[in-house]
Amino acid sequence: MRFGALGVAMALAACGGGVRYRPVSDVPVRVGKPYSVRGVTYVPAADPGYDYLGYASWYGGESGNRTANGERFRPKAVTAAHATLPLPSYVEVTALETGRTILVRINDRGPFAGRGRIIDLSRGAAEQLGIRATGHAPVRVRVVEPPEKDRSKLREGKEAPERPVVDARTLANLRAQLAAQGR
């Protein structure tokens, strides 16, 4: 069967849904302008000292949607959404119940619901961290500057090597700090 130029263009548009995705890349880093969601204003900013305790949840039904930085959302990749950190950013996420720590690439905006939620993980990140079954877990999120080999793995949608497990004493201290915040 022969297609004319219009037929080929229509077939290609149908396959991609007409959505253009940005290639997965660490440049340019985008901070973005302030924005509002459900009456709350968020002000994106670089924060190299970002180190917060709160809750993580995960999302994964949006496969193929565009992320806030223009990339195609891949649920199995180890990515996350954060309300204000630059896109992309890299963070260590530690599950406060187990001490398990992973490296995650932030390429989307959120979470916008739920008291105390500070990060929404992709399904792949939730699985690597071991919180997929619970859906919601107390975490520590800390901005890091990982080596290029780890960045490259995450850009490819693969897991970077897990970080060392946090010791029981430190975990107890972090859990106490989170409880003191009233979350």
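The values are calculated or read from the model by the stated rules, or taken from the named source; none is laboratory data. These numbers were taken from a predicted model, which means no experiment stands behind them. Cβ atoms come from the backbone with ideal geometry, glycine included; neighbour counts cover every protein chain shown.
Laid out as a table, the results:
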quantity: Selection count, segment 158-182, where residues are within 21 Å of the chain's Cα centre (by Cα), assigned to a loop (DSSP other than H, G, I, E, B) and not β-branched (V, I, T); calculated: 6
quantity: Single unsatisfied condition, V31 versus (1) of a type outside the set (S, T, N, Q); (2) over 27 Å from R175 (Cα atoms); (3) modelled with pLDDT under 90; calculated: (3)
quantity: Count of segment 164-182 residues which are polar (S, T, N, Q) and closer than 16 Å to A137 by Cα; calculated: 2
quantity: Qualifying position, being touching a residue at least 24 places away in the same chain (Cβ under 8 Å) and out of contact with any helix residue (DSSP H, G or I) (no Cβ under 6 Å at 6 or more places or on another chain), among L121, L103, L96; calculated: L121
quantity: Tally, over segment 27-61, of residues that are surrounded by 14 or more Cβ atoms within 10 Å (Cβ to Cβ) and either within 14 Å of the chain's Cα centre (by Cα) or closer than 14 Å to V93 by Cβ (or both); calculated: 10
quantity: Test: residue in segment 124-135 that is within 25 Å of R30 (Cβ to Cβ) and loosely packed, with under 15 Cβ neighbours inside 10 Å; calculated: no
quantity: Subset of segment 102-130 (residues that are farther than 26 Å from K149 by Cβ, in contact with a strand residue (DSSP E or B) (Cβ under 8 Å, 6 or more places away or on another chain) and of a type in the set (G, A, S)); calculated: G110, G114, G116
quantity: Whichever residue in segment 154-165 is surrounded by fewer than 19 Cβ atoms within 10 Å (Cβ to Cβ) and touching a strand residue (DSSP E or B) at 6+ places or on another chain (Cβ under 6 Å) and, among such residues, is farthest from G60 (Cα to Cα); calculated: R163
quantity: Residues located in segment 107-123, provided they are buried (at least 21 other Cβ atoms within 10 Å of the Cβ) and among the basic types (K, R); calculated: R109
quantity: Among the residues listed as A133, A137, A160, A126, the single one being among the aliphatic types (A, V, I, L, M), touching a helix residue (DSSP H, G or I) at 6+ places or on another chain (Cβ under 7 Å) and under 30 Å from R74 (Cα atoms); calculated: A160
quantity: Checking Y55 against (1) assigned to a strand (DSSP E or B); (2) in contact with a Ser or Thr (Cβ under 6 Å, 6 or more places away or on another chain), the condition it does not meet; calculated: (2)
quantity: Of the criteria (1) free of Cβ contacts under 8 Å to residues at least 60 places away in the same chain; (2) within 14 Å of R109 (Cα to Cα); (3) not small (G, A, S), which one W58 fails; calculated: (1)
quantity: Any hit, segment 52-75, residues being closer than 22 Å to V27 by Cβ, of a type in the set (V, I, T) and out of contact with any Phe, Trp or Tyr (no Cβ under 7 Å at 6 or more places or on another chain); calculated: no
